[in-house]
1. Return the only residue of Y68, Y86 being over 17 Å from K177 (Cα atoms), in contact with a Phe, Trp or Tyr (Cβ under 9 Å, 6 or more places away or on another chain) and of a type in the set (F, W, Y).
2. Within segment 7-19, count every residue that is surrounded by fewer than 24 Cβ atoms within 10 Å (Cβ to Cβ) and either among the polar types (S, T, N, Q) or over 20 Å from R178 (Cβ atoms) (or both).
3. Scan segment 52-71 and give yes if some residue there is touching a residue at least 40 places away in the same chain (Cβ under 8 Å), assigned by TED's automatic domain parsing to the domain that holds F153, surrounded by fewer than 16 Cβ atoms within 10 Å (Cβ to Cβ) and within 28 Å of R209 (Cα to Cα), otherwise no.
4. Exactly one of (1) touching a strand residue (DSSP E or B) at 6+ places or on another chain (Cβ under 8 Å); (2) surrounded by 17 or more Cβ atoms within 10 Å (Cβ to Cβ) is unmet by N130. Its number?
5. Please state which of the following conditions T223 fails to meet, knowing it meets all the rest: (1) polar (S, T, N, Q); (2) outside the structural domain of R94 (by TED's automatic domain parsing); (3) part of a loop (DSSP other than H, G, I, E, B).
6. Find the residue count for segment 128-150, including only residues that are more than 18 Å from P169 (Cα to Cα) and of a type outside the set (A, V, I, L, M, F, W, C).
7. Say we look at segment 35-51 and pick out the residues that are surrounded by fewer than 17 Cβ atoms within 10 Å (Cβ to Cβ) and either among the charged types (D, E, K, R) or in contact with a helix residue (DSSP H, G or I) (Cβ under 6 Å, 6 or more places away or on another chain) (or both); which of these is nearest to H105 (Cα to Cα)?
8. Need the failing condition index for Q119 against (1) on the phi > 0 side of the Ramachandran plot; (2) in contact with a Pro (Cβ under 9 Å, 6 or more places away or on another chain), just the number.
Amino acid sequence: MKVFVGTDLEGVAGVVTFYVQTTPGNPGYEQARKLLTWEINAAVEGLIEADVEEVIVCDGHGPGGVNYELLHPFAKLLHGRPLAPYPVRDEILRECDVCVMIGQHAMAGVPRANMNHTQSSRAIDRYTLNGKPIGEIAQFALYHGDLGLPLIFLSGDEEACREAEDLVPSITTTAVKRSLSRNCALSLSLDESHRLIRAGILTAVERHRCHPVLPLVWPGPYTLEKRFFHTDDADAAAAQRGAERVDGQTVRFRGESIRDIIYR
């Protein structure tokens, strides 16, 4: 089994406050990168125990979040800004069997969810796909599901875990913090969060081998709407190929392929 690991920063235990911890140059950013990398390493240790063949880690936080020097030696890191185009990355994804997510947060607007947002926390109010609100978990699961990769495990805050379970009922999740508000949470200790991630991802692989999780696939055609906080961001989006302006803050995209539309 080859495993593709999607990562983000905001769902990590100990990372609870925007900008101070998630933006380069701010005082908590380098520590947050270490916290993420240690959680990734805990997941890799669980995957090694599950006897997987290969682990590819994708650095999914906007400006980058993985500390390369601290990364587990068994893992390979897909990184760089900007990342390679999706068709190029798809060549690597097609070599994998399953995908997982580490450090994930809930979608924008979820009450009390720590660090909730969808893509840009500064620009995006919400995403909807065929009328259903979606966040980054659905984007990841649907994109990779279209390539045949089921999402079998996710770690993050409690609300992110609930969001994943609603999308993929057979997924295994591990909550490493309890959300209290958008910039406050009750985090587990380093040792406990790492222990739970190791055990959870091992369980996920074992369950999948016995009772395979199906890739997440929603029928098309697809209508994606992005609502922005500000009209100037909507102006820029409306200038993109195939965009329709819905109102001052909302832009719509239509398509037949989920991979062509989900990250517009």
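The values are calculated or read from the model by the stated rules, or taken from the named source; none is laboratory data. On a predicted model such as this, the values are computed, not experimentally measured, just so you know. Here Cβ is always computed from backbone atoms with ideal geometry, including for glycine, and neighbour counts include all displayed protein chains.
1. The match here is Y86.
2. The number of residues fulfilling the criteria is 2.
3. Yes: segment 52-71 contains one or more residues that are touching a residue at least 40 places away in the same chain (Cβ under 8 Å), assigned by TED's automatic domain parsing to the domain that holds F153, surrounded by fewer than 16 Cβ atoms within 10 Å (Cβ to Cβ) and within 28 Å of R209 (Cα to Cα).
4. Result: N130 passes all but (2).
5. Only one criterion is unmet by T223, namely (3).
6. Qualifying residue count, segment 128-150: 3.
7. The selected residue is E49.
8. Unmet for Q119, out of (1) on the phi > 0 side of the Ramachandran plot; (2) in contact with a Pro (Cβ under 9 Å, 6 or more places away or on another chain): (2).
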